[in-house]
Amino acid sequence: MANFKTCHNGHNYDSEQHEKCPYCPVNIEDIDYKQTLSEFKNTLAMTGTNELEKTVMDDEMADAAEHPFKKTQIIVDGKIGNILSQPGEKRKLFGWLVRFSDDQWDDDFRIYEGRNKIGSAVGCEIVIDNPSVSSEHATIFCREKEFLIKDNFSTNGTAINGVVISEGTLMDGDELKFGNALFKFKSIF
């Protein structure tokens, strides 16, 4: 039976077949990250091109005890942004959307305090896999026991209790329709 080990870079390998991790570059433990960063910056200066202008390395990270290239920041138009919320970030639970269409009776989605984007895009808090649902179909806003819903100019519309809306207030037990996807809204209040 294989004897699996995990290297310091997170690769799993069979230690009976390999003395060192076969996926890691040779001598990765001995790499001087400050020198690597310095050589990278010198390469940029010598080439004189703007191709790598948006790649940013934080000098303070190079001094950190952790791997300096472990943290990646996305820079768009000069602004640093995060794609996903930070791990451990908690919001209060305010309610649920329960699906009772498309033969998917067991789907339920939590509604949290603040903004809850609903759509078919991966970046939404509530992702609905249905061809009639737009990528960012609607948004539910929750604050102080009040629930507001706004249609985000979706192709197939949003309805509360059968009435197509552009904006509206949600009450416990309301029936919501995003395109052809039918849901029941439940509040904890």
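Worth a mention:
- For region 108-189, the list of trypsin sites (Lys or Arg not before Pro) that fall in a loop by DSSP and count at most 11 other C-beta atoms within 10 angstrom reads Lys145.
- Neighbourhood net charge (15 Å Cβ-Cβ; Lys/Arg +1, Asp/Glu -1) for Gly168: -4
- Peptide packing for 154-164, 3-13 was compared via the average number of neighbouring C-beta atoms within 10 Å per residue; ordered from the highest value, the list is 154-164, 3-13.
- Cβ-defined net charge surrounding Gly123, 10 Å radius [Lys, Arg +1; Asp, Glu -1]: -1
- At q = 0.17, 0.29, 0.36 Å⁻¹, base-10 log of I(q)/I(0) for region 150-189 (Debye sum, equal scatterers on each alpha carbon): -0.40, -1.02, -1.31
Taken together, the values in this text are just the output of simple stated rules run on the coordinates, not laboratory data. It should be emphasised that the depicted structure is a prediction, and the values quoted were computed from it without experimental measurement. Counting neighbours? That spans all protein chains shown, and the Cβs are built from the backbone with ideal geometry, glycine included.
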